[in-house]
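The block underneath contains the structure these notes are about, expressed in structure tokens.
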Amino acid sequence: MRDTEAPAAVRVQAADKLLDRSHGKSAIYVDAQITGKMDAALLQRIETEMMDRLEASRARQRQVLIERGIVVEDGNVLDQIPHSK
């Protein structure tokens, strides 16, 4: 790669090999097209599942905030976060 007498193409290839070795090969792009029918019932199931998971996640997050004293049971955010000594 540092040989100034070597053709440019050879130097570029050497640099490419060194980069692959040190940083790993770059990701290979794959273009795929999936065809299939998505009816209203399937879309509704996906939406329901997504909303159920979102609600469960919000409930877990709220519980953590309550446990840490950031939010009180009625949902109000405390002005100052109490610090333990």
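The conditions are (1) in a loop (DSSP other than H, G, I, E, B); (2) at pLDDT below 80, and Asp20 fails exactly one of them. Which is it?
Tallying (1) in a loop (DSSP other than H, G, I, E, B); (2) at pLDDT below 80, Asp20 fails exactly one: (1).
Yes/no per residue for (1) touching a Leu at 6+ places or on another chain (Cβ under 8 Å); (2) among the hydroxyl-bearing types (Ser, Thr, Tyr); (3) touching a residue at least 40 places away in the same chain (Cβ under 8 Å); (4) exposed (fewer than 10 other Cβ atoms within 10 Å of the Cβ):
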residue	(1), (2), (3), (4)
Ala6	no, no, no, no
Gln13	no, no, no, no
Ala32	no, no, no, yes
Thr35	no, yes, no, yes
Met51	no, no, no, no
Ala56	no, no, no, no
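The values are calculated or read from the model by the stated rules, or taken from the named source; none is laboratory data. Model, not experiment: these values are computed from the prediction. Ideal geometry is used to build each Cβ from the backbone, glycine not excepted, and the neighbour counts take in all protein chains shown.
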